[in-house]
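Okay, so here's the structure we're looking at.
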Amino acid sequence: MWFLLLLLYIAHIELVYLQGDVNRLILRNKNGRNPCEGHIEIYHNGVQGYVGDKYWSNKTEEVVCRSTHCGSPESRDHSTDVLKPKGSKVWLNELKCEGNESQLWNCKNPGWGVSKCYRDTIKWIKCSNEINIMLEGYECAGMVKYSSVNERGYFCSNNWGNDQANRLCKNLGCGESKEIPKKEWMDFSQIKTSKMMMIDCSGLNETNLWQCAAQKEKQKCETPATVICTGFMRLQLKGDEASVCSGMLEKEEDGGWKPVDSSSKSTPDVWCKQMDCGTNVSNSFKGRTHHLECSDKVQVVLKDSRKISKCYGEVHIQVNGSDYPVCGSSWDLKTAGVVCKELKCGAVVDQYTRSGTQSGIMDNVECTGNESSLWHCRGKHNKNAFQCPKKAFVVCAESVKVRLADGPGRCAGRVEIEHEGKWKRVSSEKWEAVNSNIICNELDCGGARSGNSETFSEGSAEFLTKSVSCSSGASRIHECIKASTSSSRPENSMMITCEGHKVVFLNNTCSGMVGIQHGSKTYWLSGSNNTWNQESAHTVCKQMQCGDAYPYEYIPSADMKRNVWQESYNCYPNNTSLFDCKKNKTLPSDHNDSIAVVKCSGAISVNLTNGCWGTVNVCVGGKCGGVCKDSWTKEKSVMLCKDIGCGNKILSSSQKNEAVPIVRSLHTTTHTTNLSQCNFIKNDEYGPNVNFRCELASVICSDSVKARISASRHKCSGNVEVHYEGTWLPVCSDALKDQKTQNAICEEVNCGHAVKQLNYFGPTSKIKNDITQIQCSNSDIKSLTECDIVSEKHGDCPLAGLQCSNWSKMELKFDGACSGAVFAHSETGRNAVSIEGWTKTEMDKLCNNLECGNLKSNRTYVSDQEQSQTLPSQKQQKEQLWIECQDEPKVTLSKKCGGEVRMNNIRVCSSNWNLDYSHML
């Protein structure tokens, strides 16, 4: 029987051994200062209990000290045993330890709560280790570190919580836990070679963090436990732009910053170290503030393509001459705002991160927003550089500028925004009027003019990838830049004319009265001797691209006094616009009595490269060249054609010529009568090395167009061709359907009126374009110069010709195809041709026109036929011209009496072939 009881006892012990994972053992004393001294408490399944002392030995204490990471037991005084609380639980008793067990409950014992303990005292143990728990980093903030006689290490962040942090802060005299940072806000590199202690305080009423030291197998630990206690005094230096590690010392208090006064017990070296600024160099106390200079020289700078940039770029830290990017692991709007404020760059417009492979020394930066420098924000500050997977980037308000480009003045032009150091065009898509008003106001140009803006060059800069959307409360364009929601590719640039836009003009080319157009109103510049002088005259000539001024003049204002411009200017040699000159505060008494007149040394002309058609050619400043097509208008084409005497109508051009222009755009006023009087925006105003190209404007004036009827055998009958952009083009039959068009062509070539439309004869034209439309508005039009004409690339249109009333055709009869009596066919019938007046040259030409080679011989032929009245002799003659040409065509068939038709062994096209020709053959 006793043997069976022994087996049950052994089995019970083994079962307890296996359930050890839910058990905890700590040493507890009243003050909680030394976690390696005190009476033993055991927590079994979360219930507190004690250990009895039956069979107690030194080996029992060895297991206790080792399992609590407290070293080995020291000699003890039994008088230190303490009373056991009444009614308390004794979990273990009758322990028989060998001394090598990992936990006390692994010693042989009868089981949990089985053995009764009748003593009213429990053992007090003192182990050899003296544990010191501290915060490494700063006073009352940092990584939780422990040290003993033989061991140093850090507590792991696993299972680290507010209760443990609060307990530690109190034990260290640092108040309570303020925050447990979730990111790596300190240099954690040293933990890679340090011991890491896991903690587990669950179910314990611990008085010392060491009591939570894990008694399980070691787990994987990534980061150390950290805490910021309420007793931590956060510091910053303020006021020195040369280094953020020098200036007035401030501490964070009640959400703001206040000067550190003389009552602080810390030392300058500690302050410098806490701010990652090295060591103290100098410290002075002025009034109620500390002025501190630390050994490190630290600056926050922005860089673009590794060069220092102003108010935008990658965020970098310069430490003692070395440069490092700021890593962007936790980069956000608030942190970016500190950078913009620190650099006096206004508000944040945009912030993001860029991928990179450079080494940095600062990461996981978190700012409250009111720090004096990014360096003083909380974050990891490493002495040794580490790899940055992302780099912080910021765009501040002061780097964002707006201008109106390629306009005749700063208050009109194409909208361009400087963003990230580059001027970029802005798309006109979904543009709202409020945006235009904000821009005009920011440029001090009043509001935006309603209606369509003047046309300016489209430019070639890249488009801004952000959208521009202003609220009614915005005052500057940087407040309007938003992330783009459009995936479509921008096509057209936005263009604006503001209310404040005004231009200077001269009423003649490079000479005349000096006028100013402001909106729809015209004014004249005062010619008062007190304000109008040679420098002002030079400025006007330069503004009009007209060289220098000859001695300035003025004329009486007479009846134009009301229209004298009520501003006067004081110009200097470097001024290029009258409106850039210094404005005089007061006007002289004779201000309205005269009008300024100037004659400039330069000359300007505008024409076309091929007379009445071609590329627009502007000659200005001694150079000639083209103007951009996107700024050119139909009205300018009409004015140009009139200027150069090439008709009143313009036609569409198919030319595409991209090149460097001499002029990007030119702008008229209500007084412009000739394009040479325009305001010219020269391409070289943007610098001599600007590689700007654009499609050049081209114009076809109506007087460059002429018609012909091409056929060597016939006069006034044949294929119609139109001379268009320097090339004779065939005409589609649909373009010749209208009788007015037919008559206009016949009238132009002196062939009377149109009789009928003909099918096109001969091989298809190899020219790429056809005339597809001709529209003549009036029936009495005598020329195509008064018609609208369209030229397009080859389509499927059938080509056509015309027969006019004055048509005639020469024919040889009574012999072969190239010899015989000469007859003329016309609208009135067939007539014999008299020999009188014909020379060998004319006979040669006739043979050539008939495609019969040159003249071989000629003679007279007496004919009874009525002779032509249109021949060289106007008298009735009976002697008819007979010629024989050198060639005679040989017509054959590929087979006997059938097959392909060949002429001089060349196959004849089937076009226009009919049955009559077959019978003739």
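Numbers at a glance
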| quantity | calculated |
| --- | --- |
| Selection from the stretch 274-290 of residues that are among the hydrophobic types (A, V, I, L, M, F, W, C) and open to solvent by less than 50 Å² (accessible area, probe 1.4 Å) | M275, C277 |
| Positions within the stretch 700-720 being under 51 Å from the mean Cα position of the chain (by Cα) and of a type outside the set (K, R), in sequence order | I700, C701, S702, D703, S704, V705, A707 |
| Qualifying positions in the stretch 659-684 - free of Cβ contacts under 8 Å to residues at least 40 places away in the same chain and more than 37 Å from the chain's Cα centre (by Cα) | T673 |
| Yes/no for K341 being under 30 Å from G278 (Cα atoms), open to solvent by 20 Å² or more (accessible area, probe 1.4 Å) and assigned to a helix (DSSP H, G or I) | yes |
| Out of S359, S355, sole residue that is farther than 28 Å from K258 by Cα, surrounded by fewer than 20 Cβ atoms within 10 Å (Cβ to Cβ), modelled with pLDDT under 95 and under 19 Å from the mean Cα position of the chain (by Cα) | S355 |
| Qualifying residue in the stretch 400-413 (condition: over 30 Å from A461 (Cα atoms) and surrounded by 17 or more Cβ atoms within 10 Å (Cβ to Cβ)) | no |
| Residue that is nearest to the chain's Cα centre (by Cα), among those in the stretch 883-910 that are hydroxyl-bearing (S, T, Y) and open to solvent by less than 80 Å² (accessible area, probe 1.4 Å) | S894 |
| Residue that is modelled with the highest pLDDT [pool: residues in the stretch 677-709 that are part of a loop (DSSP other than H, G, I, E, B), open to solvent by less than 30 Å² (accessible area, probe 1.4 Å) and more than 17 Å from G626 (Cα to Cα)] | V705 |
| Selected residue (criterion: farthest from H501 (Cα to Cα)) from residues of the stretch 571-596 that are without any contact (Cβ under 8 Å) to a residue 60 or more places away in the chain and among the β-branched types (V, I, T) | T586 |
| Qualifying residue in the stretch 828-841 (condition: exposed (fewer than 14 other Cβ atoms within 10 Å of the Cβ) and either under 54 Å from the mean Cα position of the chain (by Cα) or of a type in the set (D, E) (or both)) | no |
| Count of residues meeting criterion [under 20 Å from S777 (Cα atoms) and surrounded by fewer than 19 Cβ atoms within 10 Å (Cβ to Cβ)] in the stretch 724-743 | 6 |
| Matching option when the condition is among the β-branched types (V, I, T), touching a strand residue (DSSP E or B) at 6+ places or on another chain (Cβ under 9 Å) and within 29 Å of R476 (Cβ to Cβ), among I308, I317 | I308 |
| Some residue of the stretch 137-150 being at positive phi, open to solvent by less than 40 Å² (accessible area, probe 1.4 Å) and not small (G, A, S) | yes |
| Candidates G752, G820, filtered to the one that is touching a strand residue (DSSP E or B) at 6+ places or on another chain (Cβ under 8 Å), farther than 27 Å from Q655 by Cα and either assigned to a strand (DSSP E or B) or polar (S, T, N, Q) (or both) | G820 |
| Qualifying residues in the stretch 73-84 (those that are open to solvent by 60 Å² or more (accessible area, probe 1.4 Å) and in a loop (DSSP other than H, G, I, E, B)) - the one modelled with the lowest pLDDT | D77 |
| Boolean, C340 is within 21 Å of C480 (Cα to Cα) and either modelled with pLDDT of 95 or more or over 24 Å from the mean Cα position of the chain (by Cα) (or both) | yes |
| Listing of strands (runs of 3 or more DSSP E) fully contained in the stretch 426-534 that carry 3 or more residues being within 30 Å of G547 (Cβ to Cβ) and open to solvent by 50 Å² or more (accessible area, probe 1.4 Å) | 502-508 |
| Qualifying residue in the stretch 108-118 (condition: within 50 Å of the chain's Cα centre (by Cα) and in contact (Cβ under 8 Å) with a residue 24 or more places away in the chain) | no |
| Qualifying residue in the stretch 291-301 (condition: open to solvent by less than 70 Å² (accessible area, probe 1.4 Å) and among the small types (G, A, S)) | yes |
| The stretch 302-311, subset free of Cβ contacts under 8 Å to residues at least 24 places away in the same chain and assigned to a strand (DSSP E or B), residue least open to solvent (accessible area, probe 1.4 Å) | K303 |
| Residues (assigned to a loop (DSSP other than H, G, I, E, B), open to solvent by less than 50 Å² (accessible area, probe 1.4 Å) and within 19 Å of K521 (Cα to Cα)) located in the stretch 544-566 | S557, W565 |
| Number of positions in the stretch 218-253 that are among the charged types (D, E, K, R) and not in a loop (DSSP other than H, G, I, E, B) | 5 |
| Checklist (1) free of Cβ contacts under 8 Å to residues at least 60 places away in the same chain; (2) farther than 21 Å from C345 by Cα; (3) open to solvent by less than 50 Å² (accessible area, probe 1.4 Å); (4) small (G, A, S) applied to S330, failing item | (1) |
| Checking H381 against (1) within 30 Å of S577 (Cβ to Cβ); (2) part of a strand (DSSP E or B), the condition it does not meet | (1) |
| All positions within the stretch 656-676 that are of a type in the set (V, I, T) and either open to solvent by 60 Å² or more (accessible area, probe 1.4 Å) or closer than 21 Å to E458 by Cβ (or both) | V660, I662, V663, T668, T670, T673 |
| Out of E314, E398, E371, sole residue that is over 25 Å from I180 (Cβ atoms), touching a residue at least 60 places away in the same chain (Cβ under 8 Å), among the charged types (D, E, K, R) and outside any strand (DSSP E or B) | E398 |
| Residues that are assigned to a strand (DSSP E or B), open to solvent by 90 Å² or more (accessible area, probe 1.4 Å) and either modelled with pLDDT under 90 or on the phi > 0 side of the Ramachandran plot (or both), drawn from the stretch 766-794 | K793 |
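So that you can scan it fast, the table gives a plain yes or no per residue for (1) modelled with pLDDT of 85 or more; (2) surrounded by 14 or more Cβ atoms within 10 Å (Cβ to Cβ); (3) in contact with a Ser or Thr (Cβ under 9 Å, 6 or more places away or on another chain); (4) aromatic (F, W, Y):
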| site | (1), (2), (3), (4) |
| --- | --- |
| G153 | yes, yes, yes, no |
| R167 | yes, yes, yes, no |
| S177 | yes, yes, yes, no |
| K195 | yes, no, no, no |
| K216 | no, no, no, no |
| T226 | yes, yes, yes, no |
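The values are calculated or read from the model by the stated rules, or taken from the named source; none is laboratory data. As the structure is a prediction and not an experimental result, all values here were calculated from the model. Backbone-built Cβ (ideal geometry, glycine too); neighbour counts: all protein chains shown. When the accessible area is computed, the model is the full protein with side chains, heavy atoms only, and any ligands, DNA or RNA have been set aside. Shrake-Rupley method; radii C 1.70, N 1.55, O 1.52, S 1.80 Å.
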